[in-house]
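Enquirer: Mind having a look at this structure? Questions to follow.
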Amino acid sequence: MAILTEESTSKRIKTKNWDIHYHEAGAGHPLVLVHGGGPGASSWSNYNPNIATLAEKYRVLAIDLPGWGKSQAVTYDKRDNSGVLAEFLEALGIAQAAFVGNSMGGSSCIRLAYERPELVSHLITMGSSAGVPGMFDPAGLSEGVKALEAAYFHPSVETMRKFVEGMAFDTRHVTDELLLERVKATLARPDHIEGWKSGHGKPMVRLDPTRLGAITAPTLLMHGRDDRTVHFGSALTLARVIPDSRVYIVNRCGHWVQLEHAAEFNRVVASFLEGHACAAQARLAA
């Protein structure tokens, strides 16, 4: 396969309500990658170590949600991530896909899985909230969320360093190049900053805990043992109520499993998709 770059995989599509930027590579069963909600986040920044490997077996579609990356801006009152994902599949003519979501992206995929179960063949999350407070959660904002807010309100190399260091267990991943890229991406879209600020103090994605038990897709809940943004207890809470689910905890790992342990993440995701293909197909035929 030719070397994949940010430019060579870049595409745009107009859905019913949204102007969406995304990256596409590979062929096979569609696999949608959904990023988190941090400053400067995009599908490429969240998944660039994963796209090429996963594209060897799957049609990888890494989407920039409205309000992030190169997609259109949006204010909090109009944000509808799960609706965006549904429209994205429809615009591409895809009946069903596997979904992978990190943090806010994971919550968005969870919501899609109970709102539109026919669209989701597999559900994989990393560092996602359960939508309800857990017994190990802090009384107020977590360390990671505090750093995220500071980097949105005062974007600079210093605030971005504190934010990224809070996302990772191993600070060797926090390079000057990464910090400059994230600051540049944040400052390049002041409309995205204002869109995020319009929802300050509110959940990025609201989940309905009473509907989690209705999720029918085979579900893999990945979480870093040392996540300082969302405690790994959230994965256990989700596993308690999502019927066909399992938890995968990675030690010495923060909020970004897919970046800190990219090779392991790629291997586990591919194994899960292959191992549960029959179950997903049988569910569709039922």
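The values are calculated or read from the model by the stated rules, or taken from the named source; none is laboratory data. No experiment lies behind these values; they were computed from the predicted model shown. Using ideal geometry, Cβ is built from the backbone for each residue, glycine included, and neighbour counts are taken over all protein chains shown. When the accessible area is computed, the model is the full protein with side chains, heavy atoms only, and any ligands, DNA or RNA have been set aside. Shrake-Rupley method; radii C 1.70, N 1.55, O 1.52, S 1.80 Å.
Enquirer: Among the residues of the range 96-110, is there at least one that is without any contact (Cβ under 8 Å) to a residue 60 or more places away in the chain, over 16 Å from Val247 (Cβ atoms) and either surrounded by fewer than 24 Cβ atoms within 10 Å (Cβ to Cβ) or out of contact with any Gly (no Cβ under 6 Å at 6 or more places or on another chain) (or both)? Steps first, answer last, please.
Expert: Narrowing the range 96-110 to residues without any contact (Cβ under 8 Å) to a residue 60 or more places away in the chain: none.
No, there is no match, as no residue in the range 96-110 is without any contact (Cβ under 8 Å) to a residue 60 or more places away in the chain, over 16 Å from Val247 (Cβ atoms) and either surrounded by fewer than 24 Cβ atoms within 10 Å (Cβ to Cβ) or out of contact with any Gly (no Cβ under 6 Å at 6 or more places or on another chain) (or both).
Enquirer: Further, regarding this structure: I'm trying to understand the selection: among the residues of the range 130-170, which are outside any helix (DSSP H, G or I), in contact (Cβ under 8 Å) with a residue 40 or more places away in the chain and open to solvent by 50 Å² or more (accessible area, probe 1.4 Å)?
Expert: Narrowing the range 130-170 to residues outside any helix (DSSP H, G or I): 130-142, 154-156, 168-170.
If we keep only those that are in contact (Cβ under 8 Å) with a residue 40 or more places away in the chain too, we end up with 130-132, 134-137, 142, 155, 168-170.
Val132, Met135, Phe136, Asp137, Phe169, listed by residue number.
Enquirer: Of all residues in the range 192-251, which are open to solvent by 60 Å² or more (accessible area, probe 1.4 Å) and aromatic (Phe, Trp, Tyr)?
Expert: Of everything in the range 192-251, just one residue is open to solvent by 60 Å² or more (accessible area, probe 1.4 Å) and aromatic (Phe, Trp, Tyr), namely Tyr248.
Enquirer: I've got another one for you. Taking Ser82, is it open to solvent by 20 Å² or more (accessible area, probe 1.4 Å), under 24 Å from Asn48 (Cα atoms) and either in contact (Cβ under 8 Å) with a residue 12 or more places away in the chain or not hydrophobic (A, V, I, L, M, F, W, C) (or both)?
Expert: Taking the combined requirement at face value, the residue does not satisfy it.
Enquirer: Quick one: which strands (runs of 3 or more DSSP E) lie wholly within the range 5-117 and hold at least 1 residues that are of a type in the set (A, V, I, L, M, F, W, C) and farther than 25 Å from Leu212 by Cβ?
Expert: On the way: elements: 10-14, 19-25, 30-34, 59-64, 97-102.
Ranges flagged: 10-14, 19-25, 59-64.
Enquirer: In this structure, does Leu89 turn out to be surrounded by fewer than 23 Cβ atoms within 10 Å (Cβ to Cβ) and at negative phi?
Expert: Yes; evaluated as a whole, the condition is true for this residue.
Enquirer: In the range 148-195, how many residues are hydroxyl-bearing (Ser, Thr, Tyr) and modelled with pLDDT of 95 or more? Walk me through how you get there before you give the answer.
Expert: Residues of the range 148-195 hydroxyl-bearing (Ser, Thr, Tyr): 152, 156, 159, 171, 175, 186.
Okay, now just the ones that are also modelled with pLDDT of 95 or more, so 152, 156, 159, 186.
The number of residues fulfilling the criteria is 4.
Enquirer: Also, quick follow-up: Return the only residue of Thr175, Thr210 being within 21 Å of Ser156 (Cβ to Cβ) and without any contact (Cβ under 8 Å) to a residue 60 or more places away in the chain.
Expert: Checking each option against the conditions leaves just Thr175.
Enquirer: In the range 255-270, which residue that is among the hydrophobic types (A, V, I, L, M, F, W, C) and more than 15 Å from the chain's Cα centre (by Cα) is most open to solvent (accessible area, probe 1.4 Å)?
Expert: Restricting to residues being among the hydrophobic types (A, V, I, L, M, F, W, C) and more than 15 Å from the chain's Cα centre (by Cα), the top hit is Ala263.
Enquirer: If Met204 satisfies every condition in (1) touching a Pro at 6+ places or on another chain (Cβ under 9 Å); (2) closer than 22 Å to Ala151 by Cα but one, which is the exception?
Expert: The failed condition is (1).
Enquirer: So, Gly127, is that one in contact with an Asp or Glu (Cβ under 7 Å, 6 or more places away or on another chain) and within 28 Å of Ile249 (Cβ to Cβ) or not?
Expert: yes
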